[in-house]
1. For region 52-64, take each phi angle, set θ = phi - 60°, evaluate the Karplus expression 6.51 cos²θ - 1.76 cosθ + 1.60, and give the result in whole Hz per residue in order, putting x for glycine and proline.
2. If Lys and Arg each add +1 and Asp and Glu each add -1, what is the summed charge of the other residues whose beta carbon sits under 13 Å from the beta carbon of Ile33?
3. So how far apart, in nm, are the two label points at Asn24 and Asp55 if each is 7 Å from Cα heading toward Cβ?
Amino acid sequence: MKFRLMNGGLSVDSDKQAIENLINRINTITQAIELFNQSDWKLEEVAMWLQYEKDLALVESKLLQGENQQ
């Protein structure tokens, strides 16, 4: 979600799209976990993948913040 403080209040840009993206990401991760539970992946491999997803989300967030500041 993109938030901006404006005139002492909080404005939300593209809230609907941000929520849809978040729901899609949560659904994808849930489906992946279900697949992992049915596979022979080790817990460490699953943890590494989840860490990758977390890092990717953080980088995307920083890039969006940078674009909004320009």
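1. After applying 6.51 cos²θ - 1.76 cosθ + 1.60, I find 4, 4, 5, 4, 4, 4, 5, 5, 4, 4, 5, 5, 5 Hz.
2. Surrounding charge for Ile33 is -2.
3. 2.4 nm
All of the numbers you see were taken from the coordinates with simple rules; none came from a lab. In this text the structure is predicted, and so the values were computed from the model without any measurement. Glycine also receives a Cβ, built like all others from the backbone with ideal geometry; neighbour counts cover every protein chain displayed.
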